[in-house]
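The values are calculated or read from the model by the stated rules, or taken from the named source; none is laboratory data. On a predicted model such as this, the values are computed, not experimentally measured, just so you know. With ideal geometry, Cβ positions are generated from the backbone for all residues, glycine too; neighbour counts draw on all protein chains shown. SASA here: full protein model, heavy atoms, side chains in, ligands and nucleic acids out. Shrake-Rupley method; radii C 1.70, N 1.55, O 1.52, S 1.80 Å.
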Amino acid sequence: MKNKQQSQSQRDKAANRMSQVPFSVGINQPKSVAVSVVLGDSLVKGIHGPALGKKSGHRLVVKPFPGATTEDMKSYMKPTLDKSPSRIVIHAGTNDLRSKPTSEVTDGIVGLAQMIESHSSSCEVIISELITRRDYLKDAVNEVNKSSRRFCSQNSWNGFHSDATSLTCGIPQGTILDPLLFIIYINDLPNCLA
């Protein structure tokens, strides 16, 4: 009987160790490394997970879903939840701002966090605020971020704040000049190639 209990205990320990490694692990990576996942719209696309993971001492997986709404993210999140990561950072809601009231956008973000909690109580939830803008959606972004901070506080979730950044080149996101400047830019392309 003692051997049976001991072997069960060893299996439990092994299962616990395996649950800490939900994604494929590199050859030189320790097996007990914590895994964090960043799920979001196109704004997370530029995050280089492996480099940040090395600096933070855990594996960082970045999964961008350009154009995804909070409703889309529910489907995209399911395979990640099945892998039982240590923490999930959600950056969603930006693509809902043009078509939904701010309360619905906030409800969608909160719904994603609740979905994570209901699937795994040990997974840490981190909500990334929407990036502050300087266009007609600025007030909506601020309202969603304020509501998100309140829900984070009420539910013991962590929040991630991004300060507004001034761009020294390029076109600010959401401007109506994007198509016009693109046409001007490529208009002389045939002459340059000739």
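For segment 53-66, give me the residue count where each residue is of a type outside the set (Gly, Ala, Ser), within 18 Å of Ser86 (Cα to Cα) and open to solvent by less than 80 Å² (accessible area, probe 1.4 Å).
6
Among the helices (runs of 4 or more DSSP H) confined wholly to segment 53-158, which include 3 or more residues that are at pLDDT 90 or above, more than 16 Å from the chain's Cα centre (by Cα) and closer than 15 Å to Val38 by Cα?
By residue number, no helices (runs of 4 or more DSSP H) qualify.
Against the conditions (1) buried (at least 16 other Cβ atoms within 10 Å of the Cβ); (2) under 14 Å from Asp41 (Cβ atoms), where does Ala113 fall short? Just the number, please.
(2)
Could you tell me whether Ser24 is at pLDDT 80 or above and within 20 Å of Pro79 (Cα to Cα)?
no
Just to be sure I understand the filter: pairs with C-beta atoms under 7 Å, separated by 6 or more residues or on different chains, first member in segment 66-86 and under 17 Å from Gln114 (Cβ atoms), second member of a type in the set (Lys, Arg) and outside any helix (DSSP H, G or I). Which pairs pass?
Thr80/Lys63
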